[in-house]
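The values are calculated or read from the model by the stated rules, or taken from the named source; none is laboratory data. Bear in mind that the values here come from a model prediction, so they are computed numbers and not experimental data. No Cβ is skipped: glycine too gets one built from the backbone with ideal geometry, and neighbour counts run over all protein chains shown.
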């Protein structure tokens with residue numbers, strides 16, 4: 001009979017397309033409780049390769065805060081981990097580098113649909129060896145003849161994001177319609193995860209690669225140079241986490257998941273180059289009744305309830321989760337975003353709650369719509385989008401990102 005480690009090793013070599021993605025976000029549910037003094041035992045966390053350094057530190061901190069517990073990490077490309085979970089690999093928590101693969105795991109019924117929480121985001125960046133043998137200066141240089149480029153496989157989130165970047169660039173006159181095609185002719189290998197891409201560039205086996213910003217931190221930064229990818233060409237990677245409902249130690253799995261969403265863990269993740277979804281640049285979550293607006297905006301905002309109440313108030317009617325039609329009052333989302341000044345090229349608005357729950361809504365579906373920000377009786381904020389009621393409402397709203 002296979003043990004846990006044997007199973008993971010064997011199944012890691014199997015590649016299949018049997019997992020299906022969904023486009024519908026999870027329902028809103030409260031996170032697991034934290035601070036349980038009876039926690040003990042072991043869990044295995046399946047985590048995207050890009051999380052390795054940050055999660056190693058987060059895991060040590062969690063164990064220190066909960067004596068008698070042990071967290072073991074299994075790192076690989078998110079698609080490989082999702083496949084292993086689909087085949088029944090023993091695991092307790094899954095942390096993916098995109099929502100599509102988390103949704104695929106939800107389809108296997110091993111994760112409850114209302115459990116995934118977005119805990120960080122990430123950005124793409126071009127890296128090259130410090131010696132810069134290809135003399136790269138700008139993104140256009142990726143199309144230089146003879147350049148040795150390494151990308152992640154398109155089945156890996158960062159590989160898919162890299163192709164998205166090239167396609168976006170090809171739509172820009174300054175790059176030209178053939179930019180993506182020309183760059184792809186320079187690809188010398190497609191790797192199974194983002195760390196493999198970075199390692200090849202770091203060792204000088206490639207002239208350039210596309211990785212996450214979080215991969216270029218601490219001691220690794222000294223070995224490579226970087227070229228930033230602007231926001232209008234970048235893809236902001238969303239990382240969800242959830243416990244597996246058949247975990248052999250579900251209380252511990254739930255506690256670890258909740259810990260990852262805490263300010264303590266968020267601060268560590270920000271230190272390793274990730275973008276916090278539950279707070280500001282330090283990882284600290286804002287107090288209820290405080291709304292952060294950032295991303296592709298000209299004037300990032302921190303709005304308190306008093307400021308929101310001072311804006312023109314609009315009344316809308318919408319049906320809640322219990323099927324009851326209710327009346328809500330608050331400033332329109334258009335009015336709130338106008339304060340921040342949405343930049344051209346923005347396409348999506350991400351609403352994030354204090355527990356890490358988030359929903360993405362196309363900006364085109366919000367422009368001129370009867371969508372508002374309302375203040376609940378307890379002082380917490382909530383977005384009300386009647387046309388998307390109530391699945392895309394986020395209670396305890398603390399952050400709006402324009403992407």
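Table: residues versus (1) within 30 Å of residue 44 (Cβ to Cβ); (2) in contact with a helix residue (DSSP H, G or I) (Cβ under 9 Å, 6 or more places away or on another chain); (3) part of a loop (DSSP other than H, G, I, E, B).
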| position | (1), (2), (3) |
| --- | --- |
| 159 | yes, yes, no |
| 206 | no, yes, yes |
| 209 | yes, yes, no |
| 227 | no, yes, no |
Inset, instruction - Check region 189-202 and report whether any residue there is in the same structural domain as residue 132 (by TED's automatic domain parsing) and loosely packed, with under 15 Cβ neighbours inside 10 Å. - result: no
Inset, instruction - Answer yes or no: is there a residue in region 271-288 that is at pLDDT below 90, crowded, with 18+ Cβ neighbours inside 10 Å and more than 16 Å from the chain's Cα centre (by Cα). - result: yes
Legend entry - Flag for residue 166 being surrounded by 15 or more Cβ atoms within 10 Å (Cβ to Cβ), over 28 Å from residue 57 (Cα atoms) and either free of Cβ contacts under 8 Å to residues at least 24 places away in the same chain or not assigned by TED's automatic domain parsing to the domain that holds residue 50 (or both): yes
Legend entry - Subset of region 358-370 that is in contact (Cβ under 8 Å) with a residue 40 or more places away in the chain and under 21 Å from residue 301 (Cβ atoms) - its residue that is surrounded by the most Cβ atoms within 10 Å (Cβ to Cβ): 358
Inset, instruction - Tell me which of these residue 27 doesn't satisfy, since it passes every other one: (1) at pLDDT below 95; (2) touching a helix residue (DSSP H, G or I) at 6+ places or on another chain (Cβ under 6 Å). - result: (2)
Inset, instruction - Could you tell me which of the residues 147, 142 is touching a helix residue (DSSP H, G or I) at 6+ places or on another chain (Cβ under 8 Å) and not in a loop (DSSP other than H, G, I, E, B)? - result: 142
Inset, instruction - Would you mind telling me which numbered condition in (1) at pLDDT 85 or above; (2) over 14 Å from residue 352 (Cβ atoms); (3) touching a strand residue (DSSP E or B) at 6+ places or on another chain (Cβ under 9 Å) residue 292 fails? - result: (2)
Inset, instruction - Could you pull out the residue among 57, 83, 63 that is more than 17 Å from the chain's Cα centre (by Cα), part of a helix (DSSP H, G or I) and either without any contact (Cβ under 8 Å) to a residue 40 or more places away in the chain or not assigned by TED's automatic domain parsing to the domain that holds residue 271 (or both)? - result: 63
Legend entry - Members of region 101-130 that are part of a helix (DSSP H, G or I), touching a helix residue (DSSP H, G or I) at 6+ places or on another chain (Cβ under 9 Å) and buried (at least 21 other Cβ atoms within 10 Å of the Cβ): 101, 102, 104, 105
